[in-house]
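Coordinate-derived values only; no laboratory data. Since the structure is predicted, the reported quantities are computational estimates derived from the model, not experimental observations. Here Cβ is always computed from backbone atoms with ideal geometry, including for glycine, and neighbour counts include all displayed protein chains.
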Amino acid sequence: MKMNQNQNQQIKELHEMLGAQYDALWRRLGESRDPTEAATLLLEMREILHRLDLAQNLLFCQAAKELTQSMGSVRQANKKLAKAIAQAGQATKYLKASTEFLTCVDQALDLAKRLMLP
């Protein structure tokens, strides 16, 4: 199936955000000297990787208006998570931002999956 350039832009953006957050966590893990923090980072990396796989599988579905609208909350949560990773010494802040980001990502991915149904 031939796809135009605008189709799936939201899924591509979501995929890129997830990849960037995964990379940021990977860098933070390399800097961490605290075993508890490292375990937390690895857990969150697995959560993001799972969603990265889901987004990758959805790249070929057509984007819809509803998905475009849901990306606003994902973008906001992405910014909060990036800031929290930069301040990762504050574990509670990081976990809250990560949870919020993944909740928004899950909602967008669930919507994308539903849009694929006939």
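For Ala39 and Lys83, the FRET efficiency from 1/(1 + (r/R0)^6), where r spans their Cβ atoms and R0 equals 25 Å, is about 0.70.
Footprinting exposure proxy ranking of Thr103, Thr92, fewest other C-beta atoms within 10 angstrom first, gives Thr92, Thr103.
Test of the criteria: in the range 13-59, which trypsin sites (Lys or Arg not before Pro) are in a DSSP loop and have at most 16 other Cβ atoms within 10 angstrom of their Cβ? The qualifying sites are Arg33. Rounded to whole Å, the principal axis extents of the Cα atoms in the range 9-116 read 44, 21, 17, largest first. Panel order for Met17, Met45, Met116, by other beta carbons found within 10 Å of each beta carbon, from fewest to most: Met116, Met45, Met17. Between the range 93-112 and the range 70-84, the C-alpha centres lie 9 angstrom from each other.
Counting 0.36 nm for each residue step from Trp26 to Leu95 and taking away their Cα separation leaves a gain of 23.3 nm. The label point for Arg75 and the one for Lys113, both projected 7 Å from the Cα toward the Cβ, are 2.6 nm apart. Along the range 10-15 the Karplus relation, 6.51 cos²θ - 1.76 cosθ + 1.60 evaluated at θ = phi - 60°, assigns HN-Hα couplings of 5, 5, 4, 4, 4, 4 Hz to successive residues, with x for each Gly and Pro.
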